[in-house]
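Here's the structure, in structure tokens; my notes come after.
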Amino acid sequence: MERGLALELASTIRHDGDGGVADDLDTLDGTKRWLAEAAPVLAEHVTVGVFDAERLAREADEELRLALVALREAVRALFARAVRPGPPSPADAQRLLPLDEALSRINAAAALEPVTPVLEWEVEGPPAVRQQSAHPAPRERLLAALARASVGFLTGPERERLRACTAPRCVRYFLKSHGRQEWCKPSCGNRARAARHYRRQRSADD
Ligand SMILES: [Zn+2]
């Protein structure tokens, strides 16, 4: 998990390896599993202070699951906008949130947790800033951290490298790492080239 929290959240909708779409957040068990897997990264991104991501993963409930799904919907709608003029992920291209709704969801989640920057400067090393939370509730801190990460991603340099994979059946958003990369991973590239070849053969036969 080094893709950043916003992309991690968006990527809970993924190709199921069998021609369909899987959703890690479509059940409470799946949500707990995702939170447990993401716990180390989450713990790095939430505000300083005691934050037990593993405990949150164990104690997640339906309310938290629905809040995560709603936030993800907003992130994916904004990702769809960010990759223009390229196509959005086909997983939810037909039911994207309107822009103002997506923005207000992200902003509302970010507002769940007021944070104060705290400047620190150890004897050795450079000065650093830590974000101090005004509210200790772990689920609000989690949702706010995901929202802040999304704001940071969408306003940062990585947004321009965001793409939706165009391989058949793939539904992933990914960060392009070189010039003309169209696919999220080599196996997607192989599948896309095979499909292109097949279409060319077909039109040649017509
Ligand atoms: Zn792909």
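The values are calculated or read from the model by the stated rules, or taken from the named source; none is laboratory data. From a predicted model like this one, the values you see are computed outputs, not experimental measurements. With ideal geometry, Cβ positions are generated from the backbone for all residues, glycine too; neighbour counts draw on all protein chains shown. In case anyone asks, the SASA skips ligands and DNA or RNA and just uses the protein heavy atoms, side chains included. Shrake-Rupley method; radii C 1.70, N 1.55, O 1.52, S 1.80 Å.
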* In the range 12-29, how many are over 16 Å from the mean Cα position of the chain (by Cα) and either open to solvent by less than 50 Å² (accessible area, probe 1.4 Å) or under 23 Å from Glu59 (Cα atoms) (or both)? -> 5
* **Meets criteria (assigned to a strand (DSSP E or B) and surrounded by 13 or more Cβ atoms within 10 Å (Cβ to Cβ)) for Phe153** => no
* To do: For residues that are over 15 Å from the mean Cα position of the chain (by Cα) and modelled with pLDDT of 90 or more, scanning just the range 30-54, find the one that is least open to solvent (accessible area, probe 1.4 Å).
  => Gly30
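So how many residues does the range 57-78 have that are more than 13 Å from the chain's Cα centre (by Cα) and under 27 Å from Phe174 (Cβ atoms)? I'd like the intermediate steps shown before the answer.
Kept after step one, since they are more than 13 Å from the chain's Cα centre (by Cα), are these residues of the range 57-78: 57-67.
Checking the rest, the ones that are also under 27 Å from Phe174 (Cβ atoms) come to 57, 60, 64-67.
Going through the range 57-78 one residue at a time, the tally reaches 6.
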* Structure fact -> Those residues of the range 132-165 which are in contact (Cβ under 8 Å) with a residue 40 or more places away in the chain and within 16 Å of the ligand (Cβ to nearest atom) amount to Leu162, Arg163, Ala164, Cys165
* Is there any pair with a first residue in the range 166-177 that is open to solvent by 40 Å² or more (accessible area, probe 1.4 Å) and a second that is within 8 Å of the ligand (Cβ to nearest atom) and in a loop (DSSP other than H, G, I, E, B) whose Cβ atoms are under 8 Å apart and which are 6 or more apart or on different chains, and what are they? -> Thr166/Trp183; Arg172/Cys165; Arg172/Cys184
* Which one of these does Ser187 not meet: (1) surrounded by fewer than 14 Cβ atoms within 10 Å (Cβ to Cβ); (2) assigned to a helix (DSSP H, G or I); (3) away from the ligand (no atom under 13 Å from the Cβ)? -> (3)
